[in-house]
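Worksheet: the structure to be examined is printed underneath.
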Amino acid sequence: MAASNLISQTPITLPAKSLNLSSNLSHILPFKIKPISRTFTSLKARIPRAVLSTPEPKTQKVQHCFTKSEDGFMYCEGVKVQDVMEVAEKRPFYLYSKPQITRNVEAYKEALEGLNSIIGYAIKANNNLKILEHLQKLGCGAVLVSGNELKLALRAGFDPTRCVFNGNGKILEDLVLAAQEGVFVNIDSEFDLENIVAAARIAGKKVNVLLRINPDVDPQVHPYVATGNKNSKFGIRNEKLQWFLDEVKAHPNELKLVGAHCHLGSTITKVDIFRDAAVLMVNYIDEIRSQGFEIDYLNIGGGLGIDYYHTGAVLPTPRDLINTVRELVFSRNLNLIIEPGRSLIANTCCFVNRVTGVKTNGTKNFIVIDGSMAELIRPSLYDAYQHIELVSPPPPDSEVSTFDVVGPVCESADFLGKDRELPTPPKGTGLVVHDAGAYCMSMASTYNLKMRPPEYWVEDDGSVTKIRHGETFEDHLRFFEGL
Ligand code: LLP
């Protein structure tokens with residue numbers, strides 16, 4: 001463990017041709033891998049142009065940053081995933097494209113041109129500190145759901161006055177920190193309002209609050225990620241609005257009402273749904289303003305879906321989303337806050353695994369990999385589809401069959417994909433689960449003592465850098481030291 005730490009802290013630049021290393025050397029290899037430009041150019045030459053071009057045509061088909069090239073290998077921004085596998089600290093691991101993160105933020109920024117706005121990145125989607133620092137430098141604010149997320153946002157350099165604290169169970173201690181730092185706080189319930197008032201008194205600061213109104217619009221998504229319907233545990237019911245307005249009025253030294261917030265759910269693929277909610281929300285804003293409140297912010301939450309299926313579907317872009325509410329926002333002279341998580345980070349990453357073996361039981365074929373529900377739980381928890389591919393060309397004689405792709409965890413719920421048509425992979429083949437940037441590493445556990453994996457990203461210049469150490473067995477033992 002000590003050795004691997006030392007290694008990762010002494011980045012050395014390797015020429016790309018030395019990437020093709022035998023795996024028995026991998027444990028002593030340093031990161032960072034920095035391909036020399038000649039080799040990088042020749043890699044580029046073999047990749048279809050569309051994969052490498054930076055500015056993408058607006059709307060149209062989704063371009064993915066992990067793509068199979070004509071040589072049958074998978075590349076991320078010109079870097080062969082197989083090469084990264086050879087030198088990674090351990091497998092499985094997460095591999096991101098930093099340029100894709102930038103492109104995703106730029107798409108939102110361009111969509112928001114002409115509006116006063118805050119892009120509040122929802123940290124719950126992915127809390128890697130290096131990624132947060134990058135998003136902060138690109139001009140994002142942050143959306144938080146715990147005091148620790150707030151502390152991390154501060155560490156990453158986010159401006160707290162461009163941060164929003166959400167949640168149906170915010171605790172007093174975290175609210176005090178939010179009040180001290182000047183974060184926007186969403187009021188979620190009667191008791192939440194009471195706690196925010198108490199926090200304001202403790203911090204000696206007035207809190208800028210938004211009312212999280214539950215607009216009761218069906219987001220048409222999996223019930224576990226729907227939040228804006230009337231039986232949801234989040235937000236306040238509109239019929240209680242007057243009570244909350246009266247309470248805010250009754251606490252002029254503690255609360256300043258600055259806006260209204262809603263969040264309908266996640267993985268939404270129809271922008272009409274956002275528009276329906278925004279229409280209701282501006283009506284509430286009209287009503288609130290008519291009572292003398294000077295409120296300026298409309299927060300429409302996050303929730304835009306992405307192309308998990310990789311079928312070439314045309315999905316709404318950030319521009320489509322913003323355009324559907326732009327006129328409403330203008331008509332009331334509002335500042336718009338959006339809270340994207342998934343649509344900023346999901347498609348920037350693959351979860352990279354190695355095939356342990358292939359087996360058949362009854363009528364089922366299984367590809368068993370080293371990754372599992374412990375590192376990536378979305379398929380098990382939501383029956384979510386995430387596209388799966390091999391990172392290298394299969395042997396010419398390999399048969400294509402229907403497989404469940406499963407991990408080694410002691411649960412039948414441990415699968416990454418079901419009924420996938422794939423070439424039968426030899427042992428050791430690399431296999432990726434796509435779109436793993438959001439709600440994958442941040443939801444990872446150490447179940448079965450599978451320690452949380454390391455993370456890497458491909459930099460703008462095509463070099464690969466480790467952005468989080470893998471957890472180790474020693475890390476686990478540390479929780480028992482001194483007991
Ligand atoms: N704002 C609020 C108040 C939220 O509750 C969420 C997500 C977001 C913003 C960001 O939503 P996004 O743009 O990422 O869809 N674990 C689930 C997703 C849970 C989302 C929870 N709330 C999954 O893996 O799909």
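Bear in mind these aren't lab numbers, they're just calculated from the coordinates by the rules spelled out. Predicted model, so just to flag it, every value in this text is computed and none were measured. Cβ coordinates were reconstructed from backbone atoms using ideal geometry, including for glycine residues, and neighbour counts include every protein chain displayed.
Miscellaneous remarks
- Residue exposure sequence - 158, 244 - by fewest surrounding Cβ within 10 Å: 244, 158
- Antiparallel content of DSSP bridges confined to the chain, in %, to 5: 45 percent
- Cα-Cα over 18 Å, subset of 359/418; 170/233; 270/418; 124/466: 270/418; 124/466
- Förster radius 30 Å - calculated FRET efficiency between residue 148 and residue 410, Cβ distance, rounded to 0.05: 0.50
- Centre separation in Å (Cα based) which lies between the range 154-209 and the range 64-89: 43 Å
- Treating r as the C-beta distance of residue 222 and residue 314 and R0 as 22 Å, the FRET efficiency rounds to 0.50.
- Other residues with beta-carbon under 12 Å from the beta-carbon of residue 138 carry, at +1 per Lys or Arg and -1 per Asp or Glu, a net charge of +2.
- Positive-end extreme of charge dipole, the range 349-480 - chosen from 465, 417, 391 (charges on Cβ): 417
- All C-alpha pair distances within the range 114-342, sorted into 10 Å bins from zero, spread as 8, 34, 39, 17, 2, 0 percent across the bins.
- Per-selection Rg to Rh, the range 302-461 - Cα, Kirkwood hydrodynamic radius: 1.07
- When you count the other C-beta atoms within 10 angstrom of each residue and take the mean per peptide, 111-117, 304-310, 175-181 line up highest first as 175-181, 304-310, 111-117.
- Extension gain, residue 110 to residue 129, is 4.3 nm, computed as 0.36 nm per intervening residue step minus the present C-alpha separation.
- Computed over neighbours whose Cβ is under 9 Å from that of residue 365, the net charge equals +1, Lys and Arg +1, Asp and Glu -1.
- The chain: Rg to Rh, with Rh as the Kirkwood radius over Cα pairs: 1.00
- Extension gain, residue 401 to residue 483, is 24.4 nm, computed as 0.36 nm per intervening residue step minus the present C-alpha separation.
- Electrostatic tally near residue 268: other residues with Cβ closer than 14 Å to its Cβ, Lys and Arg +1, Asp and Glu -1, net -3.
- With the helix formula -39500 (n - 2.57) applied to DSSP H stretches of n ≥ 4, the chain reaches a computed 222 nm mean residue ellipticity of -8500 deg cm²/dmol.
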